[in-house]
Amino acid sequence: MWVAPDARGSGVAAELVDAVKSRGRDQGHECVYLDVAPENTRAAHCYMKQGFVFINEWEPLESPHIKVQTILCPL
């Protein structure tokens, strides 16, 4: 997910995450998983405020210098 700089801090990210979680619940899913670079503290903090927790799963991106970690939220 990406939020335009002028919309950051407006709550739109939380609204988008809430919509994804609601749809997941409606479809009978138990969790939402996503990947985030832990160094992206603003995004990681946003997701953690929404109930996500980091798990020990890592994925390299196309750049060998960036790895993302899986984060999940029980529904």
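Six or more apart or on different chains, Cβ atoms under 9 Å: show the pairs whose first residue is in the stretch 3-16 and at positive phi and whose second is modelled with pLDDT of 90 or more and outside any loop (DSSP other than H, G, I, E, B).
Pairs that qualify, where the first residue is at positive phi and the partner is modelled with pLDDT of 90 or more and outside any loop (DSSP other than H, G, I, E, B): there are none.
Can you name the strands (runs of 3 or more DSSP E) wholly within the chain that have at least 3 residues being surrounded by 13 or more Cβ atoms within 10 Å (Cβ to Cβ) and aliphatic (A, V, I, L, M)? Reasoning before the result, please.
On the way: elements: 31-36, 53-60, 67-74.
Ranges flagged: 31-36, 67-74.
The values are calculated or read from the model by the stated rules, or taken from the named source; none is laboratory data. Predicted, not measured: the structure shown is a model, and the values here were computed from it. Neighbour counts run over all protein chains shown; Cβ positions are idealised from the backbone, glycine included.
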